1. Using modelled amide H (1.01 Å from N, peptide plane; none on Pro or chain starts), what sits under 5 Å from the amide H of Trp17, excluding residues fewer than 5 places away?
2. Calculate how steeply helix 125-136 sits against the longest principal axis of the alpha-carbon atoms of the chain, using the helix alpha-carbon long axis, and give the answer as 0 to 90 degrees to the nearest 10.
3. Residue by residue, what Karplus-based ³J(HN,Hα) values in Hz, rounded to whole numbers, does region 9-23 have, using 6.51, -1.76 and 1.60 with θ = phi - 60° and x for Gly and Pro?
4. How big is region 1-118 along each principal axis, measuring the range of its Cα positions in Å and listing the largest first?
5. Counting Lys +1, Arg +1, Asp -1, Glu -1, what net charge surrounds Asp14 among other residues with beta carbon under 11 Å of its beta carbon?
6. Quick one: plug the Kirkwood hydrodynamic radius of region 15-69 (C-alpha pairs) into Stokes-Einstein at 37 °C, 0.692 mPa s, and report D in µm²/s.
7. What angle, in degrees between 0 and 90 and rounded to the nearest 10, separates the Cα long axis of helix 53-74 from the longest principal axis of the Cα atoms of the chain?
8. How about region 18-61: which trypsin sites (Lys or Arg not before Pro) there are in a DSSP loop, with at most 10 other Cβ atoms within 10 Å of their Cβ?
Amino acid sequence: MNTTCPLCHPENEDVLWQNDTLRVIAVHNETHAPAFCRVIWNAHVAEMTDLKPEERHELMEAVYRVEAAMRQVFQPAKINLASLGNVVPHLHWHVIARFNDDAQFPAPIWAAPQRAGTLDLPEDWTAQVKKLLHASMV
């Protein structure tokens, strides 16, 4: 555990699913990505190759299940998967539903907006994704 890492010391996370090694959270503070989840490895490691092969498999299975749940709930044009960690070097994956009419599409969510976004997402999307994850990640 790193004493300065925000992922080692989470605050006010909307946890959709978790076990002893990882957690899935809904991300609510990305203005241009309202359909965004993060899969976070609980131990403080920076890279995929810091994990044992079976741990990498567990993490990626979680990423795939989150993607599948988000595809079912949103039916997006695309799902973006990213593991960056440049700002927070703690292993985590971004799972972001993208839509033809989101403000940046087809550019990355962190790009300048190309238009006003007109997304109409289900208000209870986190509950829907959570239910699907609990059913698939037993």
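The values are calculated or read from the model by the stated rules, or taken from the named source; none is laboratory data. None of the values given here were measured: they were computed from a predicted structure. Glycine also receives a Cβ, built like all others from the backbone with ideal geometry; neighbour counts cover every protein chain displayed. With ligands, DNA and RNA removed, areas are computed over all heavy atoms of the protein, side chains included. Shrake-Rupley method; radii C 1.70, N 1.55, O 1.52, S 1.80 Å.
1. Amide H neighbours of Trp17, under 5 Å, 5+ apart: Val24.
2. That works out to roughly 40 degrees.
3. 10, x, 10, 6, 7, 8, 7, 8, 6, 7, 9, 6, 10, 8, 9
4. Principal extents (largest minus smallest coordinate, Cα): 41, 29, 25 Å.
5. Numbers: positive: Arg23, Arg38, Lys130; negative: Glu13.
The answer is +2.
6. Numbers: Rh = 12.0 Å.
Using the Kirkwood radius from Cα pairs, D works out to 273 µm²/s.
7. Approximately 20 degrees, to the nearest ten.
8. Working: sites: Arg23, Arg38, Arg56; in loops: none.
Hits after loop and neighbour filter: nothing returned.
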